[in-house]
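The values are calculated or read from the model by the stated rules, or taken from the named source; none is laboratory data. Keep in mind that this is a model prediction, so the values were computed, not measured. No Cβ is skipped: glycine too gets one built from the backbone with ideal geometry, and neighbour counts run over all protein chains shown. Remember, those area values only see protein heavy atoms, side chains included, never the ligands or the DNA or RNA. Shrake-Rupley method; radii C 1.70, N 1.55, O 1.52, S 1.80 Å.
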Amino acid sequence: MARNTITDVLAFLAVAQECSFTKAAAQLGLTPSAVSHTVSALEQRMGVRLLNRTTRSVTPTEAGERLLLRVGPRFDHIAAEMSALSALADTPTGTVRITAIDVVADTILWPKLAPLLLQYPGLRIEISTSYKMIDIAAERFDFGVRAGAQVAKDMVALRISPDYRRVIVGTPGYLQEHGTPQHPDDLSDHNCITMRLATRSALFPWELKKGAQVREVRASGQLTFNNTYQILRSALSGSGLAFTPEPIAQPHVAAGRLRMVLEDWYPTAAGFYIYYPSNRQQSRAQALVLDALRHRS
């Protein structure tokens, strides 16, 4: 069927359903004379009269009634499908893949994204935890999350957390047995639980700051991990002192399981950013994830 024929049939259906050229014209955004001309052109091409026209009424002929009953529902079905497709475009579906470190996944991503999953059942989120600097394009991740200083310059970055402190904690039992350090230099006498990252060959330094004083402590001890939670669990077991993000230590400090030491020397670490290539167009699902994670101070 030619495109102009489809347009003409739609005009006829509007007139037949409204029984009025004026009402059909308002519905179609045309003038009554334009609609009348369109329907007349359709009748001429088909070789059959579709409407009975009088000064008082407009009604379908037998042929027009047949066209209305047989063809009308099919156009209604097409319109319904188009509406459904439009609604689908506004409904986020598919999988959004994110790479982040474990602490971020637990304390930032999950609390903010869990409500989104309940709101949009068609949305799927895959979170992969790693301390390696991953090429998100090569590994086919939609987003990466890292501390601000670690985000590549060619990426679009969006802050998802405030800056935070790193704190030094130990159990009351450990501190009672080994004493409480009063100065960063005292840490050399303690069993410090250290971290070795995949991106570094050396141990992660304990960078402490008090006003203008800065100390980089080369902490050492019996235990070294490449995972923040393993370090925290070791500190909770009384194995030594841990230098760890305050958000995961604070609940244990509040419960009395851990105590903070050298509190005047805690540095502020850069908050976390979610990032993605600047040339990538965002899907509806990805845009919702970004908005949910956005840090609002």
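For the subset of the range 205-220 comprising residues that are open to solvent by 40 Å² or more (accessible area, probe 1.4 Å) and of a type outside the set (D, E, K, R), which member is farthest from Glu263 (Cα to Cα)? The selected residue is Ser220.
Taken together, the residues in the range 249-297 that are of a type in the set (D, E, K, R) and closer than 30 Å to Ser237 by Cβ amount to 4.
Within the range 129-158, the only residue that satisfies the criterion of being basic (Lys, Arg) and surrounded by 15 or more Cβ atoms within 10 Å (Cβ to Cβ) is Arg146. Kindly evaluate Gly29 against the criterion of being more than 52 Å from the chain's Cα centre (by Cα), at positive phi and open to solvent by 40 Å² or more (accessible area, probe 1.4 Å). When the stated conditions are applied, Gly29 does not pass them.
When every residue of the range 276-289 is checked against the conditions, at least one turns out to be open to solvent by less than 50 Å² (accessible area, probe 1.4 Å), assigned to a helix (DSSP H, G or I) and of a type in the set (S, T, N, Q). Being under 34 Å from the mean Cα position of the chain (by Cα), in contact (Cβ under 8 Å) with a residue 60 or more places away in the chain and buried (at least 17 other Cβ atoms within 10 Å of the Cβ) is a property that Tyr266 has.
Just for the range 139-156: of the residues that are of a type outside the set (A, V, I, L, M, F, W, C) and either assigned to a strand (DSSP E or B) or without any contact (Cβ under 8 Å) to a residue 12 or more places away in the chain (or both), which one is farthest from Trp110 (Cα to Cα)? Out of the qualifying residues, it is Lys153. Does any residue of the range 159-173 turn out to be of a type outside the set (Lys, Arg), modelled with pLDDT of 95 or more, open to solvent by 30 Å² or more (accessible area, probe 1.4 Å) and not in a loop (DSSP other than H, G, I, E, B)? Scanning the range 159-173 turns up at least one residue that is of a type outside the set (Lys, Arg), modelled with pLDDT of 95 or more, open to solvent by 30 Å² or more (accessible area, probe 1.4 Å) and not in a loop (DSSP other than H, G, I, E, B). Residues that are of a type in the set (Ser, Thr, Tyr) and surrounded by 15 or more Cβ atoms within 10 Å (Cβ to Cβ) were ranked within the range 89-128; the one that is nearest to Ile248 (Cα to Cα) is Thr107. Among the residues of the range 38-73, those that are open to solvent by 30 Å² or more (accessible area, probe 1.4 Å) and of a type in the set (D, E, K, R) comprise Arg45, Arg49, Arg53, Arg56, Glu62, Glu65, Arg66, Arg70. If you go through the range 239-265 and keep only what is part of a loop (DSSP other than H, G, I, E, B) and of a type in the set (D, E, K, R), you end up with just Arg257. Only one entry in Thr199, Thr180 is part of a loop (DSSP other than H, G, I, E, B), at pLDDT 95 or above and either open to solvent by 40 Å² or more (accessible area, probe 1.4 Å) or of a type in the set (Val, Ile, Thr) (or both), namely Thr180. Against the condition open to solvent by less than 80 Å² (accessible area, probe 1.4 Å), at pLDDT below 95, at positive phi and out of contact with any Lys or Arg (no Cβ under 6 Å at 6 or more places or on another chain), how does Gly240 come out, does it pass? No; evaluated as a whole, the condition is false for this residue.
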